[in-house]
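I have placed the structure first, in the form of structure tokens, so that the comments after it can refer back to it.
The values are calculated or read from the model by the stated rules, or taken from the named source; none is laboratory data. Every value quoted in this text rests on a predicted model; they were computed, and no experiment measured them. Methodologically, a virtual Cβ is constructed for each residue, glycine included, from the backbone with ideal geometry; neighbour enumeration extends over all protein chains shown.
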């Protein structure tokens, strides 16, 4: 096998995602899975569940993962890369533990994981690693021979992730009325998280105001804004804003919220806005509700023309990026020289999450990192 197509020592790729309900009866059990141990009242869960019932009780994330699975398998086969791809979720079927049990039964012993989260944070990285450790502990207790698991690096600044978003913003700008298009602002959105979690995101040496979480998003926003300027010749003002806050009011979270930002822009005379959800891999429920429902309703109330650009989803360029990341990591594991592909000043992220990276409030074992109990 040519070295460029050699995934050894890995014998499988696991697509690890959040999961979502597949029907109305799944909504409350799913939300209980997501919030287990956090003491959130059932009344609050029912309130959040109404977001899902607006869409028939079905989260789009599962079908989006199925589409990405198909795109990955097509990409791998088209390039002669013989690497099976599995799918497991943290919070709904197919559950991570069940998928890993299946992989072990299939004889998989060196597994690479691609998480559907591109940036460094507790909820976007370490929590996935904690769930991997929990699944491995369960399987170990069953007497199964555990595989070695590695997680692919953060891909926020890989061209295959950034370029589809650039295209999406350009398309959304073109869809705005011509008389407001040139003066439109760009609102780059991502999931709000507690400021304390943002400040401790990424490796310890990078902790501080916003940590790696904010820094990485700002790099991506700048890359997209620069590319839009180069394509159109127009400098569109932009800002990184947040959505989907879910915490207690007294706990500081990243701001401003997208709806507050739209009000501020309208009040200052901005004639139009493109909302670009750069913090999300696919058009899942938080994009469909928080942007396409709430934020668009706010914009209509203000009389502010808005467009929402697409997420990367199952774009072939993203599937190709994952193939490149797999081969890059495999070559590194074999001791071959590698030049990681990354845009912007931050360069490529670390392959192995270091000790102290994105800590949680309560210390828990986490797999696929320098502090993993399953080396």
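Quick notes on this structure:
- One residue alone among 113, 48, 27, 58 is more than 27 Å from residue 148 (Cα to Cα) and buried (at least 19 other Cβ atoms within 10 Å of the Cβ), and that residue is 27.
- Only residues that are at pLDDT below 95 and touching a strand residue (DSSP E or B) at 6+ places or on another chain (Cβ under 7 Å) were counted in segment 245-267, giving 3.
- Number of the exception - residue 202 against (1) buried (at least 17 other Cβ atoms within 10 Å of the Cβ); (2) outside any helix (DSSP H, G or I); (3) out of contact with any helix residue (DSSP H, G or I) (no Cβ under 6 Å at 6 or more places or on another chain); (4) assigned by TED's automatic domain parsing to the domain that holds residue 273: (3)
- Selection status of residue 93, touching a helix residue (DSSP H, G or I) at 6+ places or on another chain (Cβ under 9 Å), in a loop (DSSP other than H, G, I, E, B) and either closer than 20 Å to residue 161 by Cβ or not assigned by TED's automatic domain parsing to the domain that holds residue 321 (or both): no
- Filter result for residue 34 (out of contact with any helix residue (DSSP H, G or I) (no Cβ under 7 Å at 6 or more places or on another chain), modelled with pLDDT of 85 or more and outside any strand (DSSP E or B)): yes
- Qualifying positions in segment 260-277 - surrounded by fewer than 20 Cβ atoms within 10 Å (Cβ to Cβ) and either under 18 Å from residue 121 (Cβ atoms) or free of Cβ contacts under 8 Å to residues at least 60 places away in the same chain (or both): 260, 263, 264, 266, 267, 268, 269
- Counting the residues of segment 310-364 that are over 20 Å from residue 164 (Cβ atoms) and either assigned to a loop (DSSP other than H, G, I, E, B) or at pLDDT below 95 (or both) gives 22.
- Residues (without any contact (Cβ under 8 Å) to a residue 60 or more places away in the chain and touching a strand residue (DSSP E or B) at 6+ places or on another chain (Cβ under 9 Å)) located in segment 362-374: 370, 371
- For residue 180, the requirement of being out of contact with any helix residue (DSSP H, G or I) (no Cβ under 7 Å at 6 or more places or on another chain), in a helix (DSSP H, G or I) and farther than 27 Å from residue 296 by Cβ is not met.
- Applying the criterion of being in a loop (DSSP other than H, G, I, E, B) and either surrounded by 19 or more Cβ atoms within 10 Å (Cβ to Cβ) or assigned by TED's automatic domain parsing to the domain that holds residue 214 (or both) to the residues of segment 116-144, the residue that is nearest to the chain's Cα centre (by Cα) is 117.
Every residue, every condition in (1) touching a strand residue (DSSP E or B) at 6+ places or on another chain (Cβ under 6 Å); (2) closer than 22 Å to residue 156 by Cα, yes or no:
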position	(1), (2)
33	no, no
52	no, no
57	no, no
61	no, yes
82	no, no
85	yes, yes
96	yes, no
104	no, no
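- Scanning segment 302-322 for residues that are without any contact (Cβ under 8 Å) to a residue 60 or more places away in the chain, surrounded by fewer than 21 Cβ atoms within 10 Å (Cβ to Cβ) and touching a helix residue (DSSP H, G or I) at 6+ places or on another chain (Cβ under 7 Å) yields 302, 304.
- Counted residues, segment 49-81 - those being part of a helix (DSSP H, G or I), in contact (Cβ under 8 Å) with a residue 24 or more places away in the chain and closer than 13 Å to residue 24 by Cα: 3
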